[in-house]
Amino acid sequence: MATAMVPVELPDRAWQHAHVRQALRSRDIGAVFRHVQRYGGTSQARIAMAVGMTQARVNEVINGRREVVRLDVFERIAEGLNLPDDARHLLGLATGRERRTGGPAFELASFPEVVRVYQTQSAAAQDIREQARTASEWDVLAVRGLGLIGLKDSLLRPCLTGPQAASPRVRVLLLDPAAPALAHRAAEIGESAESLAGGVRLAEARLRELADGGDVAVYRYRTLPTWRIIRLDSTMFVSAFDSGWEGYESATYKVMETPHGPLFRGFRRMVETAVADGERTV
C-alpha cells in the first residue's frame, strides 16, 4: 500500500528569504530542500515522505547529484512543502486555488509543448548545440548576444563555424544601443549603458564576419527585453530577463511546436514582430 504524503508545515515567512526565493526562481530544488532542513529542522526522511521521493533521491538532489526537471515533480514538491501561492508562482506553477478549481491560470504541465526545464542555460547547453547542428533555421532574440553567438567560444558559434557545420539561415535580434530600453536594462543588471551598448556593437561586428560566408542577418529592436529566445527549427529554448539577473541565469524552458499549442506560436510571433519592426544592421 502506498504511503500517504504528509506535507511539511512551515510558516509563510519561511518562503520570504531572498536566497530561497532565488532558488525557487531558478528551480534549484537542492537549495530549497536545504532551506527546509535548516529552517524547520526537517530531516531528509521527512522531506522524502512529504514530496513522494525516496530518502536516497532527496539526498542526491540536496547534494547536487541529481536535478529535478519534470513539471509533475515540481508540482508534487510544491504540494509536499505546502508552498504559499507567491512561492508557487516563483517556481512557475499556478496558485493552489487555481490548480484545484481549474481557474484562469494553468499549471505548466497543462502545456505539452514544454518538454523539459533546465535550471540554467548552461544545463541546457548540450541539448541546444545538438539541435543547432541539424537545424536549417535559427532565430536568436537576445540583448547583446555575446555569450550566445557573438564570440568564438559562445554557445552557438562553433555550430556555425565547425568543420561539419551546416549552413542554416540565421537571424539575430539585439537590443538597439540607442534605445531608452537599453539604459533601463543596463540599470537593472548594474551595468553602465555605455558598456552594454558597446557589447551590442561588438556582437554586431563579430556577426558581420559570419555574414560574409553565410546567411546571417542582424536586427535591432527597441523594446525592453522580456524573453531570451533561441529557435532551432521547431524547437525553442526560452528563458526570462528580469531585474537583477541575465537571461542565461534563469530557468530555460524547452518548447516544442505542436499543432494547437499557444506557447511556440506566441514566442515565434514575438520574434517575427521584432524582425518586421526592427532595423537590419547586418
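Remarks
- Close amide H contacts of R228 (hydrogens built in the peptide plane, cut-off under 5 Å, sequence separation of 5 or more or a different chain): S239, A240, F241.
- Compactness index (Cα Rg / 2.2 N^0.38 Å), the chain: 1.10
- The chain - percent of accessible surface contributed by carbon and sulfur, probe 1.4 Å: 50
- For region 145-282, the Cβ-based charge dipole about the Cα centre amounts to some 340 debye (Lys, Arg positive; Asp, Glu negative; other atoms uncharged).
- Estimated dipole of the chain in Debye, rounded to 20 [Cβ of Lys and Arg +1, of Asp and Glu -1, Cα centre]: 400
- Karplus-derived 3J(HN,Hα), 6.51/-1.76/1.60, for each residue of region 142-153, Hz, glycine and proline x: 9, 8, 10, x, 5, x, 8, 8, x, 10, 4, 9
- Counting only protein heavy atoms and a 1.4 Å probe, the chain has 48 square angstrom of accessible area per residue.
- Cα lying deepest toward the dipole's positive end in the chain, options A132, A205, V6, charges on Cβ: V6
- Volume per residue of the C-alpha convex hull in region 117-239, rounded to whole Å³: 102
- Couplings 3J(HN,Hα) for region 185-190, derived from phi with the Karplus relation 6.51 cos²θ - 1.76 cosθ + 1.60 (θ = phi - 60°), are 5, 4, 5, 4, 9, x Hz, where x marks Gly and Pro.
- The local environment of E204, defined by Cβ-Cβ distances under 12 Å, has a net charge of +3 under the rule Lys, Arg +1 and Asp, Glu -1.
- Folded to 0 to 90 degrees: helix 29-40 orientation relative to the chain principal axis, Cα: 40
- The antiparallel fraction among DSSP beta bridges confined to the chain stands at about 65%.
- Scanning residues 5 or more positions from R116 or on other chains, those with amide H under 5 Å from its amide H are K254, with H placed 1.01 Å from N in the peptide plane.
- Coupling constants for region 51-64 follow from the phi torsions by the Karplus curve (6.51 cos²θ - 1.76 cosθ + 1.60, θ = phi - 60°), and in residue order they are 9, x, 10, 7, 4, 4, 5, 4, 4, 5, 5, 4, 8, x Hz; glycine and proline get x.
- Placed amide H near Y219: partners under 5 Å, 5+ positions off or other chain: V172, L173, L174, T281
The values are calculated or read from the model by the stated rules, or taken from the named source; none is laboratory data. Source: prediction; values computed, not measured. Note that we place each Cβ from the backbone using ideal geometry, even for glycine, and neighbour counts take in every protein chain shown. The accessibility values were calculated without ligands, DNA or RNA, using every heavy atom of the protein model including side chains. Shrake-Rupley method; radii C 1.70, N 1.55, O 1.52, S 1.80 Å.
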